[in-house]
Structure formats: C-alpha cells, structure tokens
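Report on the structure given below.
The values are calculated or read from the model by the stated rules, or taken from the named source; none is laboratory data. Model, not experiment: these values are computed from the prediction. Cβ placement follows ideal geometry from the backbone for every residue including glycine, while neighbour counts extend to all protein chains displayed.
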Amino acid sequence: MNRAFLILLLTVFVSCIQGCIERYYPDQDDLKTGTLVINAHLTDEPGYQSIEISRSVTLIHPSLDPVAGAYAEIIREDGEFCEFTEEKPGWYVYNFDEEFLQTGMSYSLHVIAPDGKEYESEFDRIRPVPDIDSIYFEVETASFETESDSTEGVRFFIDFTYDDADFECLRWELTETYEFHNPDMSAYILDVDFKIRPLPDTSNYRVCYITNDLPSIHSMTLKYLDFGIYIRKSFGFVSNDQLEQKLKHKYSLYVKQFSLGEEAFHYWNELKKTSQEQGFLFDRQPALLKSNIHNINDEQEIVLGFFSMSGVTECRGFAEKPEGLDLSLYEYYCMPVVKGPPGPVSRDDLPKYYARAFWDGESVYAEINKHCVDCREYKKSTHIKPDYW
Amino acid sequence: MKIHKLLWVFFLFFSLVSMAQENGERVNILISDGDFDNFVQQIESQSGLHIYYNAEWFSGRTFSYSEDSVDVEEAIYDVLNGTGLHFNRLGPKRLIILPQKRLNMQLPLMAVSMGSYQADKMGDEYLGVKDDLFLTGTRPEQISRTIEVGKRGTSLTRGVARVKGKLLNLETGEPVMGATMVDLGSGKGSVSDQNGNVTMALKPGTHAMRFSFIGMENVNVTMEVFSDGDFRVEMHPAVIALDEVQILGEQYRDINTTDMGVERFSMNSLKQVPVFMGERDVIKISRLLPGITSAGEASVGVNVRGGNVDQNIFYINRLPVYNTSHLFGFFSAFSSDIIRDFSIYKGSVPVNYGGRLSSVFNILTRKGNNKSFTAHAGISPVSANVTVEGPVKKDHSSFLLSGRSSYSDWILNQMEDPLIRDSDAFFYDFAGSLNFQPNTKNVFNVFYYQSYDKFRYSKLSDYEYANGGVSVSWEKYISPALTSKLTGTSSFYDFANTDQSEISRAYTHEYMLNHNEVLAEIQWVPNMNHKVDFGSSLIFYRLDRGSVEPYGEASIRNSVNLGKEQALEGAVFISDNVDLTDWLSLYAGIRYSLYTMLGPQTVMLYEEGKPKSENTIVDSLECGKSESVSSNSGPEFRTAINMKAGPNTSFKLSFNQMRQYLFMLSNTVTISPTDQWKLADYHIDPQSSYQLTGGFYHIFSRLGLSSSVELYYKYSKDIVEYKDGADFITSPLTETVVLQGLQNAYGAEFMLQKTLGRLDGWISYTLSRSEMLVSGDNEFESINNGNPYPSNFDRPHVLNVVANYTINRRFSVGSNLVYMSGRPVTYPTSLYYINNVAYIDYYARNQFRIPDYFRIDLSLNIEGNLKADKFMHSTWSLNVYNLLGRNNPQSIYFVPNEYFIKGYAFSVIGAPIFTMSWNVKLGNYESH
C-alpha cells in the first residue's frame, strides 16, 4: 500500500507546465505602408465638420502621415455638394448649414489625392437616431483575473427605445471629464535666483479638469431585437483608482449617439474586433476591413477608412462622490521622497519645487514634481472649470 | 561503465543513422548453381550447427543463393522452398531435413498445452496438426509448419481453392486486423479485416505462407491446399526479442497491395512513443505521420494533406465521433487502453467509406479477452482509467468495459494565462463492448461509447459537450468465398455553451447532432485473381442547431432559433481487387452517393447579383415535412494500380474521389467547442475532392527498413469559407455568412521506417502546400480580394522522427522530434489612425507565418519484474514533453494602443513537461 501511495505521489509530480506569452516582432520586410486612409464620418449636426486624409504608417515608431493638398467634397443625392478646405495638413473642414444635412437623404464622398487619383464612396443615407431617455450610473465591483483581484467603480448606462423601424444600427463616442485635486501642502520654489521661497497661491494650481476621448468602440445593431423594446446600453467600467481620482470628486461622461447603416456598423464592429486583444486558443481569423471608398480607376487599390453619414444625439451624465466607494486619496501621491536642501544645480534645471518633509526627525526641503504644484501639468488637464460643471 | 552504456543508448536514441547490429545465427552464403552439400557446408562451418539430411533427395539439384549475414533458418527455409522438404530443429545445434512437414515425436501433453497453430477443416474440425513447440526451442516463428486446408481428394473444377483464414491473438482470442498473409512463392498476399478474416484464392498444392503483423511474431507455415476451406492461425504477441529479426507484414503490405496513403498501427507497437502528460493518444501519434498536421498542442482533430479539420471522419468500431477531443484539444476522446489498432486512409480510400474529403480514421477497440478475466488500470497526472474484460462464455463470447476520468484540473491552474488559470475542466469517457461468436459462421458485436467534457473558461464562458452512441454488427460467413457484415450505428454529439464575455450580449446556446446509419458490406472472392467488395449504406442526419437565448438580466440579446435540419445520405458501392499478372494488380471501385435534405424548412431566396443578406431576401420557399429541400448525387471513383518491380519494390498510382455533405461552421483557426456541424442545403453545395497519388515503395529487407515516397495532388471544390467577421449565432441564415471556394493541395511524403531490432521508429518528411481560392463574380463573393491565399494549415515542411530503443525487456526509451513550418497567419502590415486612435491594417489573408515549430520528447518505459508467477504487473512511463522548453507559438496577435502596437506570441506549452504515469494489469509481463 505504501508503495502504491509513493507511486501515486510520483505520478502527480510535474516540474512545470505553463503557457507563455512573449513579445513578437514582425519582420520589417513584411511591412507595407502608404495605403490611403480616408476617415469621413459626418453627421446631421450643423457647424464645422472634418474629414481626415492620411496614409498608413509603419508599425514601428508610428506617427500620423497626413495627406496635404487633396481635394474633398460631399455630394448629395440631388447633386448639391460642399467643398472642404484644408485647415491643416490632412485635415479638411466645412461649415455645414442645416439645409444641406437632411435626414433621409444620401450623400457621397469624392476625393482627389495630390497624385491625381480620384476616389469616391458609396452613397450613405442619414438615418434617424433615437433620443436618449436617460443616462445614469451604477456602482459595481469588477473582477479581473481572480476573485481577490477585483476593484470597485461605476458603470454608466443609457436608456432609449427602439420605436422607429428606420433605426438600424448605432454607434457611440464617449468623452470623460473628471475633477482632479493635488494634495494640499505648502510648496516652495527654487527659482532661477537660486533662492527658495514659498510658492504663491496664484501659481499653485491644485484643482484641474481632465478630459479624455475614450478610444473604445461601442456599436450595436437593432436588427435582431424586438421592435418597441426599451434598451439599456452599458458602457465601460470606470475604476475607482485612488491615484487617478476619477471618481473622487466628480466624474462626467459625455455620450454622442450616432445612427448607422448596416455596412457602417459592420465596419465599426470589425474595427473593434481588430483592436481587441486576442491570442487565446480559439483565435479568430482577422478581418480585412473593406472600405466603402474606392479608386474610381482602379478597383484593386485598397483604401482604408470609411465614409458614413449619421444622425446624432447626445447627453451628459455625472457621478459625484458615488456612495459605496472608498474615495480616500492615494496617500503616497506627490509625497516628497528626495531629501533637500538642494545641492548644486544648474540654472537650466530651474525652477525646482519643494515641500517640507520630516527626515530623521528633522524638517527639511524635499523635491517634488512640478505637476504636484501645478495640476495642469498632469495628463493634459486644465484648471478652467468647464461650463457644464 | 553504466554511464558509458547510457551515453551509448542515448546516442543511438537520437540517431537513426546508426543501426543496431543483430546478434543471431547469421552466416554469409554464396552459392552459384552449387549443390546442397556446399550450402550445408557453408552453414555448418560458420554457425557450428549440424544439419542432417538425405543427400539423395538433393541429387541433381543445384542451388543459387547469395546473402550476407543471413539468418540460418531463413536461408534454409528459402532454399527448401518449393522442394517439398522441410526442416525441424532437434536441439540448439541440430537441424534435420525431412520430407514430412513435421517431425512426429510423441510428447502429447506438451504439444497440446503449448499449441499455437491450428487449422480447421470446412467445419469446426481441425485439419492441421497441433503445434509442437518442443521442437522449435525459443524461435517458433522461424519454423515452417503445415496447415491443411480443404478436403483431400476433392477435385476442383475451377482450378483454384478459396481459403479463408481467421487470425487470432493467441493470448486473448481477439482477432488480428491488418495482418498480412503472403504466399512467398507467388508474392501475392491479402490483408485481414477487422475481424481477423483473411481470404485468398490459391491453387491446390503446397504453398509457403507467411503471416505478419506489427506487434506480433511472424508465423511461417506450409499450407497444403486441397479445396475450398477455412483455417485458423493464432499469432503470438511479440515479446521483444532482442536478438531476432522481425520482418513486419506491414512493410510487405505496402508492396503487395494497392493501398496508398494508408497508415495502420497497433497500439502495442506504439507503447514506447513519448506522450503528452502521460496520456497515450492515437490522434497525437497520428500527427507524427507524413501528411498529418495540426494547429498545435491544444487543437482539435488533424489536418490531412492540406484539408480542413472537418474533412476527416473518426470511427470507433464504425461509430462516428464528431468531437474527438478532451480539454481544449489537449487530449483525444479515445482511451488508448481499449484501442487495438487504428488505420488512417488519406490517399486511396476503400469504397465502403465516404462522406469526408481528406481522410478516414478507423479506430478498432479490443473485443475483450475470451479466454480469461483480466483487468488493466492506469493513472496519469491528468486522469485515471480502468478496463475490465473477460469471457462470458469461454472462446465464444467476451465483454470489455473501460472508463477514464480526469480527477483534477490542476493543469489549468499552472498556466500563465490568467483566464486559463482561473478555469475549471472535467472529462470522462466510457466504452463497453460485447462480442459473441455462437459458431464459426456468425459473429455479433455490440459496442457503446460515450465521452463528456465540461469546462469553464474563467468567468466568461461555460462549455459542455458529449459524444456517444452504440454500434451493433453481425458478421456472417456464408461460405469461404462470401462474407457479409451488417452494421447499425446511432451516435450523437451535443454541446451547451454560456457566454458572458459581454454582459449585454450574454447568451446560452445548445446544439445537438444525431447520426443514424445502417451499413451492409459483402466480400466475395470468386477466384484467385479477384476480391470483390460491395454493399450499401444509409445515413439519417438530424441536427438541432438550437436556440440562442439571452443569459442574465442585463442581456438585451433577442432569442434566435437557428433551426433544425435533417437529411438522408445513401450510398451503394462496389470494388474489385484484381491481380492482373504476378506484378500488376488493380483496385477499381465506385461509390455512388445520394443526398437529400428534408423538410420542414423555410428557404430564403435572395436578389440576384446582391450579397445574400436579410435585406436582399425577395421570396421564400416553404418545404413541408419530409419534402426534399435540396438533393445531390454523384459517383465517387476510386482506383489504384500496383506495379511490383520485384519482391521488395513497387510503384503505385491511385485516383480517389470523395464527396462531403456536412461541414463545420468555424471561423477560428483551431476548432472551438462551439463550432457547429451544418448540413449542405439549398444554398450551400456539398463539397467534393479529386485526389491523384503516385508512390514508390521499397523494402530493404535485411536492414528491416521500408521506404516510401508518395506524391499527391488534391483538388477540392465548394469548400466552405467564411466571410470576414462571420457570426453563426445571430441568424439562422448561414448562407449569408459563408462563401464556397476551391482548395488545391499538393505535396510529397517521404517515409523511412525501421522495424527491426532494438532500434525502431520512423523518419517522415512532408513537403506540401495547401491553398484556397474564393473568387466570385462579385466582390462580395470573394475573400482576399479574389486572390489565392494559403489555407490556415498550410505547412510546407514537416519532419517527424520517432526513435525507440529497447535496452532489454524491462527498459526501453523513446523519442520524438517534430519540426513544422509555421502555419499561415494574417499579420498587420501597417497602422492607421481613425479619430486619433491607431488601428491595425491587415493587408492580406494568411500571407505571413508564425515561427516554425520544433519539439523533442523523450520517454523511459520501465516494466515490472519478469517473474512468471505474479498477480499483477506494473509499467511505469516517464515522459518529457518539449525537452528543450521551446516556446512554439500557437498564435500571434497584436494589441494596438493610442500610440503604437505590440505583437505577442502565445505558446500553449512553454516549458519541458516531466510526467510519470503508472499502468497495471493482472498477470505477468506477457499477460494481455
């Protein structure tokens, strides 16, 4: 019996088994750049709207490669058209009036690239968009890898009704804004005169507002839903991260809801899938995104991007000090860690900022980052309170 | 010294270049038109043997013989062949040559108790003699014995007798399938079927016959044929005999038959091959053969000669199994403990098989020991199994029960991927068999099989699936020339899946497939040059694709009923295996299959020239219950020619046509547990393929090496491919998301196999390509802009080396070396910006490849002691999978963010895996 038990123990012995995910660098020779990209998603909203024209760029150290000197126009089904003007390289704008943008009418894009190649899109119709009945949030706990690895936060929802047969598909663009506070502390500045003095309040920006366009794509088709139902659409989870402070003071989500046709929905849906992390056992075949814009002389030329016309509606929701969340600050944020007083520094490195800190029982100057005394330096924020705040 | 020996062993272990030397009574003989005395002199002077014979019998005869290092008994056997004389061993150093077939010494008790060869008359009565092993010493397979077939004095009007043999495992009474019976005089042969039956037409007279099968000792007999008749040969499982030569019938099968692209193995012969996690797995072993690949460790099924996974059918005792995997594809759903042998048809497929374009995997289980009760059990790091078998009525009926179950999902907890680590898994499979042979004319078999899997992928998905069914067969031996078999099967495959990866779209889905089949097969041997197989089959498919229902309160998904489908697939088939001359044989067959999809069904009709979508529906057809929705039929020609260029060499050509009426809905690179089988319908045509194969086969008999080169070209049409972003659960209208195209696959398969001596194994290399083309009249009917692209499983170079070395009866080592070109993958080639966010541009489908795959495995197998009198015998197996710890990526993926993109390679196994498994059986080392 003992022998059998020993064998059993040996049997289940395994040194290790683990899958492995490691960085992969594609061969430079495999890369192909320079494909024309036309991003033209226009709405029925009067005012300035833009079309971006660029070329695809390398995977390694990429940056936008705008196409300057192109010609772009929107043609309505009745022959009316609007010519765009280039405001900056690759950025073409037009100030639309209400009359040109009519729900139910179809529009097409016509572009002439600087090399003389002409491109046009399929016609796309402006479809009606449902009104957003309400926007609200709920506190929830999101689990990640394990039960113990979870976090609290809020999730925003909007409600609308599928009550028009002309509603086909929808897409949402989200923008978040939140209030951010620097810790309350006495700050000092070592100025170019090499003297340390208290930082005046007028220079100490402690309250800022951070606004981000959220890159995640949200889209939905109403095709398989029952007509007339009340739809509750959820958006991404906002984590109550103590360092980020998104929910500490006040958080706002701005939602723009666009109507789409089926082709445009398919495009955004596939674009979303290509940008989502993959890599599990059942890897999906990536889609080669088909544009509805093509070279009128060369059907084989691949064009990236899409042209769509949408109806649009919008709303904004707020989450101010949500109940049930631990809204304490991250205590180590902007804590001075380098002991002063300052040693020899170059004038070029000035000014530097300090706070008072206790070091070995002694009150000393300790260096802090600039964004700790000027929140405008943090994540492209601004100290100007938005008018909707 | 021991270390030195071990190093030597490992050196041999990794290299097939150096072959082990055989130690036996070997002599060099060179006689050119010499007399027999000269022949004997040469033997006696080199071996120390004394050969007794009457010189008068050889008077006037001359002999020519030239062989180096030939086994003495083999040389004598060859020289005496056709003389009517036979030799018998009198002791370790004495041989006697007599006209009698055997030396008749009266030691009845021993003769009876050790009998190993028996021969029947037309009925149950034995015609032949009981074996007398006391004469043969320890080498019975080298001695020729006599089997008499038919009735003496019978005159045959047609000039040939039809002899039908039953080849049985001496120890278990189970039939031996795939064994060859070769008439050494004419070189003609035949292969035993799954019930061990082998049929040949022979001229009356004396024939030197050899029976061979991998894992069994060869049996050489002198067959005296008087008329039509039966015989029985019991083959002894090969006890690893280090000094002896095993010439395996499998090699000669390649030379003597018209089979091409056919692989056959008995599980016994694969005991030493290293395995993953201690689980011996026929499907994983099959991936070591030429032309058979997979997507990686965790992948379901196989890709055969560039075909999709759904182009293969897996039978276990003729019961079709639609999902052959356990645990994400890490293991197969077949417990190796019950498998007797398996065959893979990937080139020329016999006419009694159909329904898939690429291959047929035919797995046969053991029938159960009909002589005594026995049990086997085993435990591996993943699962435990137990098998019980024994006679219901000794020698007439037997049963076998086998079960296997996982007992832990710890393997998942070791994974680095947090989602897998947070997952649970469980599986089991069960098989039961009842075999009943009331008399020599009838055999009945009932087989039941079920497998079940359940796993939870983190908190995102729950999967549950099961295969199962029953097969009942009745085999009737109408006459030595005519055998019939009737098989009825009923199998099912179902799955249930809950997906919560997106709360608002969470759903649950259940799916069910039923396959009910009746198959009648008849084999007729009208004369010595023909073997005719004919029959018919009828399959009734019933699919319930299920409803996709919203799951959870937050889900706003609408319920979608994917619908039910049913269809009939019938086939009639006939083939003839014709020996046109001594060197030319022909297999000519035709299978005519008919397919009808049955109502009730609503068929949507779409606007011409527009993509099929809900928006382009213009009308619909209502088909009533049992009304034909769509039908299709066509011939499938199967032909093969074998041209023998000598006893050890042959050239072959074959043409094989197949049709397939159901396919799998899958747009993932590897098959996922939620992929649905779907029937061809009004819009989706059945798939078909045409394969041309040419081959060259040669046996280096003295080295025990067999070699083959097979070239193939396979053209398949109406292969189902999926539109970008295809989703199979949002709409029942499958035709809106699939396209059909052409598949071209071609390649060369090289195989060098060694089955002699301590070192055995094979080296196979495959050079192949597989390409898809989906190019319709309109852009929306094309994939990859209508340009050809490599299929997902196109691997141009595949090298497999399997080397096993037997140190002694207790210790053996094995190794695998696997190299494969990386499979095609669609990579991003550039980035572009939409609303200031970087997105990936996938330029063209499958234009790039993931890194090549390379793996080495090792195993050490240790048998318990060799005591004859013991209650239980243990075997330990130590395995190292992926010895080098190499990361072999299964997939490549890219994650973009606002500014740049990161590429990642995901390897399922990223480290060497050491495992130990333990198997135990009742009895001693030789027990079965």
Inset, instruction - Kindly indicate whether any position in the range B:832-849 is among the aliphatic types (A, V, I, L, M) and more than 11 Å from chain A (Cβ to nearest Cβ). - result: no
Inset, instruction - Pairs only if they're at least six apart or on different chains, beta carbon under 6 angstrom, first in the range B:649-670 and within 14 Å of chain A (Cβ to nearest Cβ) and closer than 24 Å to B:Asp724 by Cα, second surrounded by 19 or more Cβ atoms within 10 Å (Cβ to Cβ) and of a type in the set (Ser, Thr, Tyr); list them, first residue then second. - result: B:Asn667/B:Tyr722; B:Thr670/B:Ser299
Inset, instruction - Select, from B:Tyr463, B:Tyr457, the only residue that is modelled with pLDDT under 80, farther than 24 Å from B:His396 by Cβ, crowded, with 18+ Cβ neighbours inside 10 Å and within 14 Å of another protein chain (Cβ to nearest Cβ). - result: B:Tyr457
Legend entry - Considering residues of the range B:699-708 that are surrounded by fewer than 20 Cβ atoms within 10 Å (Cβ to Cβ) and not hydroxyl-bearing (Ser, Thr, Tyr) only, the residue farthest from B:Pro290 (Cα to Cα): B:Arg702
Inset, instruction - Hey, could you check the range B:379-401 for residues that are polar (S, T, N, Q) and within 14 Å of another protein chain (Cβ to nearest Cβ) and say which is surrounded by the fewest Cβ atoms within 10 Å (Cβ to Cβ)? - result: B:Asn385
Inset, instruction - Confirm whether A:Ser150 is under 30 Å from A:Pro322 (Cα atoms), surrounded by fewer than 18 Cβ atoms within 10 Å (Cβ to Cβ) and modelled with pLDDT under 90. - result: yes
Legend entry - Search result, residues across the range B:467-524 that are within 30 Å of B:Ile556 (Cβ to Cβ), touching a residue at least 40 places away in the same chain (Cβ under 8 Å) and charged (D, E, K, R): B:Asp499, B:Arg505
Legend entry - Selected residue (only one of A:Asp184, A:Asp133, A:Asp163, A:Asp115 is of a type in the set (D, E, K, R) and within 30 Å of A:Val93 (Cα to Cα)): A:Asp115
Inset, instruction - Taking B:Arg886 as meeting all but one of (1) of a type outside the set (Phe, Trp, Tyr); (2) more than 7 Å from every other protein chain (Cβ to nearest Cβ); (3) within 25 Å of the chain's Cα centre (by Cα), write down the number of the exception. - result: (3)
Inset, instruction - Kindly establish whether B:Tyr592 is within 30 Å of B:Glu779 (Cα to Cα) and either buried (at least 17 other Cβ atoms within 10 Å of the Cβ) or outside the structural domain of B:Asp777 (by TED's automatic domain parsing) (or both). - result: no
Legend entry - Tally of residues being away from every other protein chain (no Cβ under 14 Å), at pLDDT below 90 and outside any strand (DSSP E or B) across the range B:600-618: 3
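Yes/no per residue for (1) facing chain B (nearest Cβ under 7 Å); (2) part of a strand (DSSP E or B):
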{"position": "A:Thr33", "(1), (2)": "yes, no"}
{"position": "A:Val37", "(1), (2)": "yes, yes"}
{"position": "A:Gly69", "(1), (2)": "no, no"}
{"position": "A:Ala72", "(1), (2)": "no, yes"}
Inset, instruction - Taking the residues in the range A:220-271 that are aliphatic (A, V, I, L, M) and closer than 28 Å to A:Cys208 by Cα as candidates, determine which candidate is surrounded by the fewest Cβ atoms within 10 Å (Cβ to Cβ). - result: A:Leu243
Inset, instruction - Select the strands (runs of 3 or more DSSP E) contained entirely in the range A:212-318, then report the ones holding at least 1 residues which are more than 14 Å from every other protein chain (Cβ to nearest Cβ). - result: A:230-239, A:250-260, A:304-310
Inset, instruction - Answer yes or no as to whether B:Leu711 is touching a residue at least 60 places away in the same chain (Cβ under 8 Å), within 25 Å of B:Gly291 (Cβ to Cβ) and assigned by TED's automatic domain parsing to the domain that holds B:Leu327. - result: no
Inset, instruction - Would you mention how many residues in the range A:191-205 are surrounded by 18 or more Cβ atoms within 10 Å (Cβ to Cβ) and in a loop (DSSP other than H, G, I, E, B)? - result: 2
Inset, instruction - Check the range B:801-823 and report whether any residue there is within 14 Å of chain A (Cβ to nearest Cβ), buried (at least 21 other Cβ atoms within 10 Å of the Cβ), on the phi < 0 side of the Ramachandran plot and at pLDDT 85 or above. - result: yes
Inset, instruction - Answer with yes or no whether B:Gly910 is in the same structural domain as B:Thr374 (by TED's automatic domain parsing), surrounded by fewer than 21 Cβ atoms within 10 Å (Cβ to Cβ) and touching a residue at least 60 places away in the same chain (Cβ under 8 Å). - result: no
Inset, instruction - Specify which of the listed residues (A:Ser275, A:Ser308) is among the polar types (S, T, N, Q), at pLDDT below 90 and within 21 Å of the chain's Cα centre (by Cα). - result: A:Ser275
Inset, instruction - Tell me, please, whether a residue that is in a strand (DSSP E or B) and not hydrophobic (A, V, I, L, M, F, W, C) can be found in the range B:254-261. - result: no
Inset, instruction - Determine, yes or no, whether B:Arg795 is among the basic types (Lys, Arg), in a loop (DSSP other than H, G, I, E, B) and in contact (Cβ under 8 Å) with a residue 24 or more places away in the chain. - result: yes
Legend entry - Whichever residue in the range B:826-865 is part of a loop (DSSP other than H, G, I, E, B) and hydroxyl-bearing (Ser, Thr, Tyr) and, among such residues, is surrounded by the most Cβ atoms within 10 Å (Cβ to Cβ): B:Tyr827
